[in-house]
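Notes follow once the structure below has been shown.
The values are calculated or read from the model by the stated rules, or taken from the named source; none is laboratory data. None of the values given here were measured: they were computed from a predicted structure. Here the Cβ positions follow ideal geometry from the backbone for every residue, glycine too, while neighbour counts run over all protein chains shown.
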């Protein structure tokens with residue numbers, strides 16, 4: 001059975017992504033390892049998050065497909081705001097994948113590397129608990145019983161597609 005990461009990469013490719021743009025960071029390093037080892041999509045590492053967002057937007061427009069930006073938690077994700085806001089205003093389909101601390105780290109009470117005010121505030125950057133893909137994945141996981149179940153990824157694509165139209 002495929003992992004959640006490989007299912008996500010394959011799903012992105014199936015939905016029109018041709019490449020990924022990103023900056024490896026602590027909470028997204030395991031995903032970057034899968035990106036490199038799987039070879040499902042080529043990836044380009046840039047040196048500043050706004051460049052990642054603008055590159056993903058440009059790729060979406062150029063290929064008439066899906067742009068993908070991959071960054072880590074907190075400040076890294078916050079740095080994408082201008083680029084992704086521009087893509088949103090122009091209806092350019094860009095997916096942002098931001099690594100995040102695990103459940104154990106979130107409930108530890110410790111201030112985490114790259115954390116702004118609180119873990120909840122950082123998650124709120126993604127549209128709040130009601131609309132976040134992480135929240136959708138949690139609900140889908142509860143239904144399917146496996147975080148690696150490819151139905152989790154397909155459900156997120158369907159949910160997000162409905163919200164955007």
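The residue pairs whose first member lies in region 83-111 and is at positive phi and exposed (fewer than 11 other Cβ atoms within 10 Å of the Cβ), whose second member is modelled with pLDDT of 90 or more and part of a helix (DSSP H, G or I), and whose beta carbons are closer than 9 Å, counting only pairs six or more residues apart or on different chains, do not exist in this structure. Could you check, for region 31-47, whether at least one of its residues is within 16 Å of the chain's Cα centre (by Cα) and in contact (Cβ under 8 Å) with a residue 40 or more places away in the chain? So far as region 31-47 goes, yes, one or more of its residues are within 16 Å of the chain's Cα centre (by Cα) and in contact (Cβ under 8 Å) with a residue 40 or more places away in the chain.
The strands (runs of 3 or more DSSP E) found wholly in region 17-109 and carrying at least 1 residues that are modelled with pLDDT under 90 and in contact with a helix residue (DSSP H, G or I) (Cβ under 7 Å, 6 or more places away or on another chain) occupy 94-98.
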